[in-house]
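Here, each number is a calculation from the coordinates, and none is a lab measurement. Note that the structure is predicted; figures quoted are calculated from it, not measured. Reconstructed Cβ throughout: ideal geometry from the backbone, glycine too, with neighbour counts over all protein chains shown.
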Amino acid sequence: MLPKGCTAPPVLRTLRATDAGWLAELHAECFDEKRRWPASFLASFLQNPAAFGGVYLSQTEPVGFILGQGAAEEAEIVTLATRPAFQRQGIAAMLVEDFCTFCHKQGKNRIFLEVAENNLPAIALYRKLGFEKQGIRPNYYQEIENAVDAWVMIKLL
Ligand SMILES: CC(C)(COP(=O)(O)OP(=O)(O)OC[C@H]1O[C@@H](n2cnc3c(N)ncnc32)[C@H](O)[C@@H]1OP(=O)(O)O)[C@@H](O)C(=O)NCCC(=O)NCCS
């Protein structure tokens, strides 16, 4: 069954630095104003050889994306979002599963991420996919009024 609002099954495509412009617009649609990433930051992130990312496209319309980076046997999910109109249709779960499969094929054996302790949808998602809380980074999200702690979550592949 197609996710609601998708006109075709979402297809994963690798993100490149040249995607930074529209990716910044998509990021702004998904995140609070104080946590937006400008196109210049996204372009330089994607130019890093250790970085990788994917976007799910329904026809040509982006519905969700994931960005990560790897070092040795470990990879990090740096950010992840589903467009509001497409949420709760399994898109983020597919992105994370594909990310883990890709990392496993690259020889990684551990995925970690940081998530704001008050981001209950994301924590529920990661827990459902087998991530476990490993620690806390106090006041990690400083750009938000009243700094928020991050949970460090880990999944062994
Ligand atoms: C968190 C986010 C990526 C989830 O995307 P999504 O495509 O809606 O997630 P999925 O449909 O794949 O959800 C999979 C599971 O995650 C959990 N989940 C997702 N959204 C949830 C919500 N709002 N409340 C509770 N659980 C939620 C559920 O267990 C869900 O399974 P279910 O629908 O069978 O109950 C999305 O809400 C988002 O883009 N938020 C803004 C950006 C953000 O916070 N990104 C995370 C940064 S770490």
Quick one: in the range 122-157, which of the residues that are part of a strand (DSSP E or B) and within 11 Å of the ligand (Cβ to nearest atom) is nearest to Ala71 (Cα to Cα)? Met153
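Residue-by-condition table, conditions (1) more than 9 Å from the ligand (Cβ to nearest atom); (2) of a type outside the set (Asp, Glu); (3) over 24 Å from Asp19 (Cβ atoms); (4) in contact (Cβ under 8 Å) with a residue 60 or more places away in the chain:
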| position | (1), (2), (3), (4) |
| --- | --- |
| Gly54 | yes, yes, no, no |
| Leu57 | yes, yes, no, no |
| Leu67 | yes, yes, no, no |
| Glu73 | yes, no, yes, no |
| Phe99 | yes, yes, no, no |
| Asn109 | yes, yes, yes, no |
| Phe112 | yes, yes, yes, no |
| Leu120 | no, yes, yes, no |
From the residues in the range 75-97 that are among the small types (Gly, Ala, Ser) and in contact with a helix residue (DSSP H, G or I) (Cβ under 6 Å, 6 or more places away or on another chain), which one is nearest to Leu23 (Cα to Cα)? Ala81
What's the total number of residues in the range 73-94 that are in a helix (DSSP H, G or I) and either of a type in the set (Lys, Arg) or over 13 Å from Ser58 (Cβ atoms) (or both)? 3
